[in-house]
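Step one of this worksheet: look at the structure below.
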Amino acid sequence: MPIVDHATRLITCKLVYYGPGRSGKTTNLTYLHSALPGTQVGELTSLATRRDRTLFFDYLPVDLGTVGAYHVRFQLYTVPGQPYYRAIRQLVLQGADGIAFVADSQRHRWDDNVESLRDLHANLAEHGVDARELPIVMQYNKQDLPAALTAPVAELSAALNFRGVPEFAGDALHGAGVFDTLRSLGMRVLKRLGADDGTATAHRAAFALRTPAFSPVLHAGYVTTDMLTGAAGGDA
Ligand SMILES: Nc1nc2c(ncn2[C@@H]2O[C@H](COP(=O)(O)OP(=O)(O)OP(=O)(O)O)[C@@H](O)[C@H]2O)c(=O)[nH]1
Ligand SMILES: [Mg+2]
């Protein structure tokens, strides 16, 4: 469950980027870190890396801004995708409010995507989490690579997205699909929070994320109270 701190008026949601090794999880966070202004994004922390491989996790805090009286913050984590680091994935997954599954669209990574998805479900089950209850979105990354090397979105979708969750073509290196993925996941997590405990603020934040107006706002990097509350209307 996201943490709602009524004393400090802060809603904190933990979003985990999951997927096979080298699928582009860290690249998603790197792009967000470079594209969002310092007012909205904190330091990108990469704990233990060897060359460009994540050995522990990356962490990036992203502020959505103030909605009503509350501040909404997403804590983004990546897991290390290499099979060997299962125990670390298990740790990072603990308390996740939502998952962005970053698949590698390259055909030769087909089995790795399937295996990683299986690994995700097994790890969630060990935490006692029903994957069907948890907000998940899919990103089919590296769609910028030549068509001869990559599987099209429809094919990846048929193989990986059996739950019919929101899905996006990605080119995390240049940013395509990165904001869509975060926005969609954030919306689902906040919507669920609003439904679960009737937090009107979470409802409004989710609504604001869904509105078309929010897309350029996120791209420009600025979210103002007016845009969020104005788009969402009055208190529920
Ligand atoms: N062409 C292309 N390359 C990408 C894309 N996303 C990531 N890459 C490259 O793929 C490599 C791996 O990306 P990472 O973001 O480090 O992958 P990761 O999923 O964090 O990998 P692990 O930490 O090992 O789990 C890097 O060389 C990236 O530059 C993309 O959309 N297109
Ligand atoms: Mg990584």
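A Cβ distance below 8 Å, combined with a sequence gap of six or more or placement on separate chains, defines the contacts here; from the stretch 160-171, residues that are farther than 19 Å from G186 by Cα reach residues that are among the small types (G, A, S) in the pairs L160/A103; D171/G177. When R53, R9 are checked against the criterion of being farther than 21 Å from S184 by Cα, among the basic types (K, R) and more than 11 Å from ligand 2 (Cβ to nearest atom), a single residue qualifies: R9. Has the stretch 24-31 got any residue that is touching a strand residue (DSSP E or B) at 6+ places or on another chain (Cβ under 6 Å), among the basic types (K, R) and either in contact (Cβ under 8 Å) with a residue 40 or more places away in the chain or at positive phi (or both)? Checked the stretch 24-31: at least one residue is touching a strand residue (DSSP E or B) at 6+ places or on another chain (Cβ under 6 Å), among the basic types (K, R) and either in contact (Cβ under 8 Å) with a residue 40 or more places away in the chain or at positive phi (or both).
Listed by position, the helices (runs of 4 or more DSSP H) inside the stretch 170-236 whose residues that are under 18 Å from the mean Cα position of the chain (by Cα) and either at pLDDT 70 or above or within 23 Å of G38 (Cα to Cα) (or both) number at least 1 are 178-197, 200-210, 214-220. Among the residues making up the stretch 118-135, a single one is touching a residue at least 40 places away in the same chain (Cβ under 8 Å) and under 22 Å from F179 (Cα atoms): P135. Being basic (K, R), part of a loop (DSSP other than H, G, I, E, B) and surrounded by fewer than 23 Cβ atoms within 10 Å (Cβ to Cβ) is a property that holds for R132. Among residues of the stretch 1-36 being away from ligand 1 (no atom under 16 Å from the Cβ), touching a Phe, Trp or Tyr at 6+ places or on another chain (Cβ under 6 Å) and in a strand (DSSP E or B), the one that is farthest from R107 (Cα to Cα) is I11. If you take the residues in the stretch 108-124 that are more than 19 Å from the chain's Cα centre (by Cα) and within 14 Å of ligand 1 (Cβ to nearest atom), which one is surrounded by the most Cβ atoms within 10 Å (Cβ to Cβ)? It comes out as R109. I'd like to verify a number: residues in the stretch 51-102 that are more than 13 Å from ligand 1 (Cβ to nearest atom) and outside any strand (DSSP E or B), how many? Qualifying residue count for the region: 10. E115 meets each of the listed conditions (1) more than 21 Å from T26 (Cα to Cα); (2) assigned to a helix (DSSP H, G or I) apart from (1). So for the stretch 57-78 (the condition being within 11 Å of ligand 2 (Cβ to nearest atom), modelled with pLDDT under 95 and of a type outside the set (D, E, K, R)), does at least one residue qualify? Checked against the condition, which is being within 11 Å of ligand 2 (Cβ to nearest atom), modelled with pLDDT under 95 and of a type outside the set (D, E, K, R), the stretch 57-78 yields at least one hit.
The values are calculated or read from the model by the stated rules, or taken from the named source; none is laboratory data. Keep in mind the model is a prediction, meaning the values are calculated, not measured. Positions of Cβ are backbone-derived with ideal geometry, glycine not excepted, and every protein chain shown enters the neighbour counts.
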